[in-house]
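Student: Have a look at this one before I ask anything.
Nothing in this text is a laboratory measurement; each read-out follows from the coordinates by a stated rule. The structure presented is a predicted model; accordingly, all values stated were derived computationally and were not measured.
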Amino acid sequence: MTPLEIVEAVVAAGGELAVNGSRIHYQIPEEAAPLLDELRRHKPDILYLLRRKAFSHLVPFLGKQVWSPAGPAKLLVVEDFITVGFDDGTKMRLFDPSAVIPYA
C-alpha cells in the first residue's frame with residue numbers, strides 16, 4: 001500500500017490519525033489493527049501527508065498578509081510547514097498550522 005492508501009484505509013475503517021511533533025497518534029478500530037504495521041513502515045511519508053493536510057487551509061492565502069507570532073507578515077510557502085516574510089526582508093518558518101491567522 002502507498003502512504004495515501006494507508007491513511008485512506010484508516011479513515012474508511014473509522015479510525016483517526018493526528019500528528020504531534022514526530023509522532024502519529026491514532027485511534028483505529030480492532031478490525032483495522034493490521035494497518036498498524038503499514039503505518040509504522042511508512043511513518044515518514046505518512047507524517048508528511050498528515051502535516052500537509054494540516055496546512056492545506058492556508059493555501060488560498062499564499063502571497064497575502066497574515067498575522068504571525070512576530071506580527072504582520074506575508075505568507076510565502078505552504079508545505080508541511082509555512083514560511084512567512086516580513087517587511088524588513090526576514091523570514092520565519094513555522095511548523096504549527098495555528099501559528100498564523102489570515103486577515104479577513
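Student: Considering every Cα-Cα pair within segment 62-102, what fraction, in whole percent, is farther apart than 10 Å?
Tutor: 65 percent
Student: Once phi is turned into ³J(HN,Hα) by the Karplus curve 6.51 cos²θ - 1.76 cosθ + 1.60 with θ = phi - 60°, what whole-Hz value does each residue of segment 5-11 show in order, with x for glycine and proline?
Tutor: Each residue's phi maps through the Karplus curve to give 5, 5, 4, 4, 5, 5, 5 Hz.
Student: Take the Cα atoms of the chain, find their three principal axes, and give me the spread along each one in whole Å, biggest first.
Tutor: 53, 24, 19
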